[in-house]
1. What residue, among those in segment 224-262 that are modelled with pLDDT of 95 or more and of a type in the set (K, R), is farthest from T198 (Cα to Cα)?
2. For A172, are the conditions met, namely being small (G, A, S) and under 29 Å from I59 (Cα atoms)?
3. Would you mind finding the one in A257, A216, A199 that is touching a residue at least 60 places away in the same chain (Cβ under 8 Å), closer than 30 Å to S301 by Cα and surrounded by fewer than 16 Cβ atoms within 10 Å (Cβ to Cβ)?
4. Within segment 92-104, identify whether any single residue is under 23 Å from the mean Cα position of the chain (by Cα) and assigned by TED's automatic domain parsing to the domain that holds Y41, and answer yes or no.
5. Taking D321, is it surrounded by 15 or more Cβ atoms within 10 Å (Cβ to Cβ) and in a helix (DSSP H, G or I)?
6. What are the residues in segment 149-200 that are under 34 Å from the mean Cα position of the chain (by Cα) and among the small types (G, A, S), if any?
7. Just to verify a result, which residue in segment 193-203, among those that are touching a helix residue (DSSP H, G or I) at 6+ places or on another chain (Cβ under 8 Å) and either part of a helix (DSSP H, G or I) or β-branched (V, I, T) (or both), is nearest to A259 (Cα to Cα)?
8. Say whether the condition of being part of a helix (DSSP H, G or I) and closer than 17 Å to I132 by Cα is met by at least one residue in segment 151-168.
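The values are calculated or read from the model by the stated rules, or taken from the named source; none is laboratory data. Predicted, not measured: the structure shown is a model, and the values here were computed from it. Note that we place each Cβ from the backbone using ideal geometry, even for glycine, and neighbour counts take in every protein chain shown.
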Amino acid sequence: MTGINPDFLYENPANPRLAQRRLARTEATIVLLQTAVAAAYIAGAYTGLFDVSSPAREITSLWLWLYHVCVTVYSFQYRVRGRTVGWIEPLIPLLDISCVTSVYIALGDPVSPVWAAYLYALIGYSRRYGGIAFVAVSGYTITNLLIGWLAIGNPHPEQFFVMVVLALAVMALSYTISDSWREAEQRARFLAETDSLTALVNRRTFFERLEDSAQAPLSILMLDLDHFKHLNDEFGHIKGDEFLKAAARAIQLSIPASAIAGRFGGEEFIVGLPGVNAHQAAVIGESIRRAVAATTPTTVSVGCTAVRPLETIDQAIRRADELLYVAKRQGRDRVAGDTIERFAA
């Protein structure tokens with residue numbers, strides 16, 4: 001199983017739980033609406049509302065019933081919960097459109113309102129897919145419209161020409177709007193998750209990502225720039241901000257790709273190190289200390305610890321913060337780990 005494609009997460013970046021509820025509501029609404037339309041066709045076909053001859057009526061009704069039962073179960077089991085099954089996802093648009101085409105052909109009317117379902121699909125898929133994937137799905141959708149039109153045998157090609165032009169226009173418009181929507185979402189997410197000055201993640205996002213990626217061993221570094229108030233007094237706050245940016249870059253360049261670095265507040269930073277033990281974390285802390293000293297006019301003190309068995313991440317962070325002040329008391333510009341903590345006590 002894979003995580004759900006972020007391209008179609010209807011996300012409120014300031015509240016991930018609200019975003020998940022919104023996603024669940026959207027996915028449930030889509031599949032229930034789709035199933036209701038299929039049920040309306042089946043009911044209409046058997047009550048005589050639609051003039052569908054046998055055996056087309058039985059074949060299309062059985063196919064719609066089987067498919068929509070399966071896709072409804074799948075959606076509530078996975079999509080509504082923010083998950084997907086990798087091999088099933090590419091099949092869904094293909095089977096969705098096959099349902100539309102089977103009904104379109106069964107009705108036998110090339111300009112019946114059913115053809116608008118192709119437009120509905122183009123709009124819906126533009127939100128779910130982007131780039132080449134959307135082009136492929138759109139091409140498949142319009143090709144199915146052509147297949148249905150040819151199977152019915154429309155004697156008026158000008159009607160089909162208008163339908164194709166409208167489908168291409170809807171495809172282009174929906175893609176443009178959805179692409180702009182995705183870009184706006186990504187920017188909003190970035191602004192909500194990132195500290196605007198240092199470009200590191202903010203405090204809230206740091207904790208969310210650390211919880212999501214936590215694995216044993218897990219180490220924490222708490223860092224604080226030494227004598228930063230004196231730098232602001234001597235060089236001014238604008239220069240002080242530049243020093244913070246330089247320190248953030250030094251931190252980011254000194255940690256593994258799997259690490260999570262954030263601004264904790266003021267001139268204080270925090271680094272989460274999934275899969276890194278306390279000894280390895282101390283080595284990384286020392287690398288950061290040297291990098292900050294080499295790229296800024298100040299130094300950094302570091303508290304270093306690892307999450308212990310039966311301990312929460314918050315408890316480990318508090319201990320790392322205490323170790324940071326051990327480093328401060330011992331002269332600054334150093335890394336204080338658990339061994340120093342026990343010695344100092």
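1. Filtering first and then ranking leaves R249.
2. On the way: small (G, A, S): yes; under 29 Å from I59 (Cα atoms): no.
Against the criterion (small (G, A, S) and under 29 Å from I59 (Cα atoms)), A172 does not qualify.
3. On the way: A257 fails: touching a residue at least 60 places away in the same chain (Cβ under 8 Å); A199 fails: touching a residue at least 60 places away in the same chain (Cβ under 8 Å).
Just a single option satisfies the conditions, and that option is A216.
4. yes
5. Taking the combined requirement at face value, the residue satisfies it.
6. Narrowing segment 149-200 to residues under 34 Å from the mean Cα position of the chain (by Cα): 164-200.
Correct list: A167, A169, A172, S174, S178, S180, A184, A188, A192, S196, A199.
7. Filtering first and then ranking leaves V201.
8. Just the residues of segment 151-168 that are part of a helix (DSSP H, G or I), to begin with: 151-152, 157-168.
Right, trim to closer than 17 Å to I132 by Cα and you get 168.
Looking for residues that are part of a helix (DSSP H, G or I) and closer than 17 Å to I132 by Cα, one finds at least one in segment 151-168, hence yes.
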